[in-house]
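Enquirer: Got a structure here, written out as structure tokens. Questions coming.
The values are calculated or read from the model by the stated rules, or taken from the named source; none is laboratory data. Please read these numbers as outputs of a predicted model, since none were measured by experiment. Methodologically, a virtual Cβ is constructed for each residue, glycine included, from the backbone with ideal geometry; neighbour enumeration extends over all protein chains shown.
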Amino acid sequence: MSNSNGDESPENYTAHPPPPPPPPSLSLLPDEIVLRCLARVPRSYDLSLSWVSKDLRSLVRSPELTKLRSILHKSSLHLCLEENESTVKWLTLRPTEETETTEEYRLVPNPTPFPSHPSYRSSAVAVGSKIFFIGGGCRRPSTALWILDTRSGNISQGARMSVPRDVEEAAVGLIDGKIYVIGGGRFGEEEIQVEVFDPKSETWELAGLENLPKFPRCSASVEGKVYMVEDDNTAVYNPRESEGERLVQIVSERPSKGGRKKKLGEAVLRVCVVEDVLFAFFCRTGLMWFDTKLNVWRRLVVRDGKEMFIFYADAIAEYDGKLAVLFTWGERKVDDDVTKIVRCKLVSLHRAGDRICGTIDWSGAVGTVPYSFYFLHCLAVSH
């Protein structure tokens, strides 16, 4: 039987694969969904995102994104000050009034008063709306854990550690919602014990032994690791490595002319993390950030590429996605009472290639404190 025109043989056909689907694009999504995605991206990437397209640039600069971020990332900055190891005072940084050009900020007493407690001199880390005080004060090792609920103002005792530790030698960091405590106890010359606290189960567990010649005090968590900054070195604890190999040391250096590196070799006074970037304040060099790709300390730069110099800081912390720098400058005398003026700089951050640009969005006096007071803690607490 012969084939009809409608019954041609299969060999006369050429197979054509279906066209590939178009690549996913944010432009295909409603603005409301795109804004919710952008609200979860660190502000330091806003500049890079604005170069992608005009539509994305418009959304990055929109007041809707600013409002959404303020809802998702509502935070308070709590400052703990002490006088002569006897009187402790808690203050919080708050916006007070908004003018046509700027917003003003002031240090005010906490809406919910915090009780007096000796644990405030211990190592501290904030998890959500709670502040955890770990171990003992300077040269007073302790196994204690105290938990301050900033919403209610109540402080309660948590489970104890297995080893007494003190604030001078213990490093504390937050990884995946768990608190890592490194060192700070009476171990061998280079032996450091690591304990991990799970706030959900409220239990401690040992995470092994590591080796480190010195016990650094300034520490913070970046990219799932605990960074411990000291005079000459920056030690990094990575819990994902094998036991005995989780702790490594890096010489603290900064880029120099001709592509060389220059050793810092000076005391570090403060550290904090903003938008997953580690910042440290050194006694002579001032404010620096740590480049985790090249393992060097860098300065912020301004828009024209010149370095930004900040040489005064009694406290540094993240505040609504910005770097808050607080310092005392100047005195005020009323009768026989002498107070120090507390000033604040709020610095917004934007990545530009391998650099981070800083812009001082606001600067001014935020209050006064008694002359003999000094900063114990500066903690960003989320609600």
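Enquirer: Take Trp362 and tell me if it is touching an Asp or Glu at 6+ places or on another chain (Cβ under 8 Å), in the same structural domain as Tyr120 (by TED's automatic domain parsing) and in a strand (DSSP E or B).
Expert: Answer is yes for this residue.
Enquirer: Tally up the residues in region 152-172 that are closer than 23 Å to Val273 by Cα and not hydrophobic (A, V, I, L, M, F, W, C), please.
Expert: Counting residues in region 152-172 that are closer than 23 Å to Val273 by Cα and not hydrophobic (A, V, I, L, M, F, W, C) gives 3.
Enquirer: Looking at region 324-338, which of its residues are modelled with pLDDT of 90 or more and over 29 Å from Gly177 (Cα atoms)?
Expert: Across region 324-338, the qualifying residues are Phe327, Thr328.
Enquirer: Has region 116-132 got at least one residue that is more than 25 Å from Asp276 (Cα to Cα), modelled with pLDDT of 85 or more and among the hydrophobic types (A, V, I, L, M, F, W, C)?
Expert: No - not one qualifying residue is present in region 116-132.
Enquirer: Could you please find all residues in region 336-356 being closer than 28 Å to Trp297 by Cβ and over 17 Å from the mean Cα position of the chain (by Cα)?
Expert: Val342, Arg343, Cys344, Ala352, Gly353, Asp354, Arg355
Enquirer: Can you tell which of Ile316, Ile341 is in contact with a strand residue (DSSP E or B) (Cβ under 8 Å, 6 or more places away or on another chain), of a type in the set (Val, Ile, Thr) and surrounded by fewer than 19 Cβ atoms within 10 Å (Cβ to Cβ)?
Expert: Of Ile316, Ile341, the one residue that is in contact with a strand residue (DSSP E or B) (Cβ under 8 Å, 6 or more places away or on another chain), of a type in the set (Val, Ile, Thr) and surrounded by fewer than 19 Cβ atoms within 10 Å (Cβ to Cβ) is Ile341.
Enquirer: Of all residues in region 270-304 being closer than 15 Å to Val229 by Cβ and outside any strand (DSSP E or B), which is nearest to the chain's Cα centre (by Cα)?
Expert: The selected residue is Thr292.
Enquirer: Would you pick out the residues in region 236-252 that are free of Cβ contacts under 8 Å to residues at least 24 places away in the same chain and either of a type outside the set (Ser, Thr, Tyr) or buried (at least 20 other Cβ atoms within 10 Å of the Cβ) (or both)?
Expert: Within region 236-252, Val236, Asn238, Arg240, Glu241, Glu245, Val248, Val251 meet the criteria.
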